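The values are calculated or read from the model by the stated rules, or taken from the named source; none is laboratory data. From a predicted model like this one, the values you see are computed outputs, not experimental measurements. Cβ placement follows ideal geometry from the backbone for every residue including glycine, while neighbour counts extend to all protein chains displayed. Note: accessible area is taken over every heavy atom of the protein model, side chains too, but ligands, DNA and RNA are not part of it. Shrake-Rupley method; radii C 1.70, N 1.55, O 1.52, S 1.80 Å.
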Amino acid sequence: MIKHRYKLAISAEWMILCSILLGTFTVILNNSSLNPAVPELMNVFQSSASSTSWIITIFLLGMGMTMPLTGYLGDRFGKKRIYLLGLFLFIIGSILGSFSWNLLSVICFRGLQGIAGGLMIPLSLAIMFDAFPKNERGRVTGIWGIAIMVAPAIGPTVGGMMIEWGSWQSLFWMNVPTGLLGLLIGLKYLPHTTPDRKRTFDMSGFVTVTLGVGVILWTLGQMKHLADIWLGSNLVMLGVGVVLLIIFVRLELTKEQPLLHLRIFNIPTYTLSVVVVSVQAIAMFATIFMVPLLVQNVYGYSAMMTGLVFLPSAIFTGIFVRIAGKHLDRKGPKMIVLIGLSMTCITTAMLGMLQVNSPIWIIFVLMMLRGVGLGLSNMPVTTAGLNAIPDQLVSQGSAMNNVIRRITSSLGIVIISVYYEVRRTQLIADGHSDAFSTLHTINQGFWVLSIIILFTIPAAFFMHQTVTSSEPIHHTKRSA
């Protein structure tokens, strides 16, 4: 009888994971799959590239501005309720998006999807951490990491196929079946958490962090060329965003019930995990930016080949993220993170050694090995960081992790795209061919990324699996 009940409990836990996996994968895949649809939507709605790019920007903006709220909302109304609300809103946004009649309506419904995703992503980790003990979280987040790591890599391929064989509306409709399935499973199996009715809302913290993050992400999303950095309006907006975030930090450190418990950054393992994950996010999105330019503009292959180049990375990331999770549960993060970061660093540097006559299979192999490195390091770093903070603060820790990663990756994309434009133009002006100039610029970009990753490798030696006496935290106990 006891054994039978144990099996039922295990089954329920894995149904929780199934619901979270379906919802998370749907959100992230949809976002990355819409990238190749931008030219199609430009033709459909007769709009400019800058106007149509708001389809991508508004989603990231909505997520970034909503994520800081998830800690409060999860505590005040229950994690299950807020997560399922987010998934429901994402499904509604997808259905409405498929019926869009002009560009503005697409942008509005994408904004709704972004808000929904902002509610879901941080709480998905918090719900899993509630459902599974610490000695099983590595294995579980390893499976969950498939959605986080693989979906962005295969999204452009899926989006390209849907556009080629179907229509742009299908990119919205494809979210509905998996979203509904995740919603139905979640209604039955996600655990209820008791709402904290005494949890007060930090209005000043909400206003300052939402405006600060929103202004920074919006300004970065508008920067397409070098001259944009020096525009007075952009400098002022970035300055306003930074000042608002500084005010937010000062306010939160003085409050009994802050919107976000910033003192968890007193825990070295958590802080290191945020730094490493942010650097990896920069490297990942910069690679997504540079590899298509390399494959198409240097080697002359089609967009379909570009999508195929990303598949080895996606497949091997998915395989090794599970292996890394199991290792994390048994032996902790140090060795597996060290190996993963080292592989990511080396393969990124090797991408910077490609020549004009390099065969395409070398890119496939390097992307595959890079996927192994990302799989071995990314989720173990995130899991170790969240394991190191008090359980009741996991949703806030996850939210801050995601917000910082969004800002740094957006900043990284701006820097790498501006550098690409400037350096390539200089080389062409010096008399070099377009292919040589493009390749040389991309090579330098990969070398810079590898050096940045190299500086994060020592962090592996200082990461612990759980809270230790050397990792102090103050004023993080919930007032209830």
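Summary table
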quantity	calculated
Gain upon complete extension [VAL356, ILE95; 0.36 nm per residue less C-alpha separation]	89.5 nm
Out-of-range pairs (alpha-carbon distance over 32 Å; input LYS198/LYS334; LYS79/LYS255; LYS198/LYS331; LYS79/LYS331; LYS80/LYS134)	LYS198/LYS334; LYS198/LYS331
Percent carbon-and-sulfur accessible area, the chain, ignoring ligands, DNA and RNA, probe 1.4 Å	71 percent
FRET efficiency, 1/(1 + (r/R0)^6) with R0 22 Å, evaluated for SER302 and TRP165 via beta carbons	0.90
Calculated FRET efficiency for the pair LEU104/VAL240, C-beta based, R₀ 30 Å, to 0.05	0.70
Helical segments meeting 18 Å axial Cα length and Kyte-Doolittle 1.0 threshold in the chain (DSSP H)	79-98, 103-131, 175-189, 203-222, 232-252, 268-293, 334-351, 360-387, 434-456
Label-to-label distance, nm, for residues given as ALA12 and GLU256 (7 Å Cα→Cβ offset)	3.5 nm
Pairwise label distance in nanometres, ASN266 with SER233, each label 7 Å out on the Cα-Cβ vector	4.4 nm
Highest to lowest packing among 74-84, 407-417, scored as the average C-beta count within 10 Å	74-84, 407-417
Inter-probe distance in nm under a simple model that places probes 7 Å from Cα toward Cβ, at PHE462 and TYR419	2.4 nm
TRP447-PHE201 FRET efficiency (beta carbon distance; Förster radius 45 Å; 0.05 resolution)	0.45
Accessible area of the chain divided out per residue, in Å², using a probe of 1.4 angstrom	41 Å²
Computed helical MRE - 222 nm, the chain, DSSP H runs ≥ 4 contributing -39500 (n - 2.57), nearest 500	-26500 deg cm²/dmol
